[in-house]
Amino acid sequence: MTYDSDNIFAKILRGEAPAFKVFEDEYSLAYMDVMPQVPGHTLVIPKDSTEDIFNADPVILGHTMATVQTVAAAVKQAFEVPGIMLAQLNGPAAGQTVFHLHFHILPRTDGIDLQMHARGMADFAELEAHAERIRAAIT
């Protein structure tokens, strides 16, 4: 598969599409999923143009995983949950729909079911409020 530079995550990285950012460094970007499965659903992407884990530069992947670890801890704290679920899908058969490597961080607690992904956009004011909570937990 050839990387599609017009995918939504590439557009976010170029500043051509909006995102509710929670963390950014030279290797990666973390922001709120606009179609969250639970409140606090956050995405982490490398700033490298790679579609899946099999094609990722190991150095950039390592830095991206450090961001996943930092942001997951902040999401856990910000949403006061006992658990975090990480998801990373590779290829259509695995459910990947945006072909830019990305990691889902989902706050988890007993009794709260996951919603279907990509069913509808969340309220942008709510996403900004969630992003602020996570940013505050990082700093």
Query raised in the report: Can you tell me which residues in region 1-19 are among the aliphatic types (A, V, I, L, M) and surrounded by 18 or more Cβ atoms within 10 Å (Cβ to Cβ)?
Result: Ala10, Ile12, Leu13, Ala19
Report task. Name the residue, out of Val44, Val38, that is closer than 27 Å to Glu128 by Cβ and at pLDDT 95 or above. Result -> Val44
Report task. Say whether the condition of being touching a residue at least 12 places away in the same chain (Cβ under 8 Å), open to solvent by less than 10 Å² (accessible area, probe 1.4 Å) and in contact with a Pro (Cβ under 6 Å, 6 or more places away or on another chain) is met by at least one residue in region 41-62. Result -> no
Query raised in the report: From Val75, Val38, Val22, Val71, which residue is surrounded by fewer than 18 Cβ atoms within 10 Å (Cβ to Cβ), on the phi < 0 side of the Ramachandran plot and touching a residue at least 40 places away in the same chain (Cβ under 8 Å)?
Result: Val38
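The values are calculated or read from the model by the stated rules, or taken from the named source; none is laboratory data. Predicted model, so just to flag it, every value in this text is computed and none were measured. Heads up, the Cβs are rebuilt from the backbone with ideal geometry, glycines too, and the neighbour counts pull from every protein chain shown. What goes into the accessible areas is simple: the full protein's heavy atoms, side chains included, and nothing from ligands, DNA or RNA. Shrake-Rupley method; radii C 1.70, N 1.55, O 1.52, S 1.80 Å.
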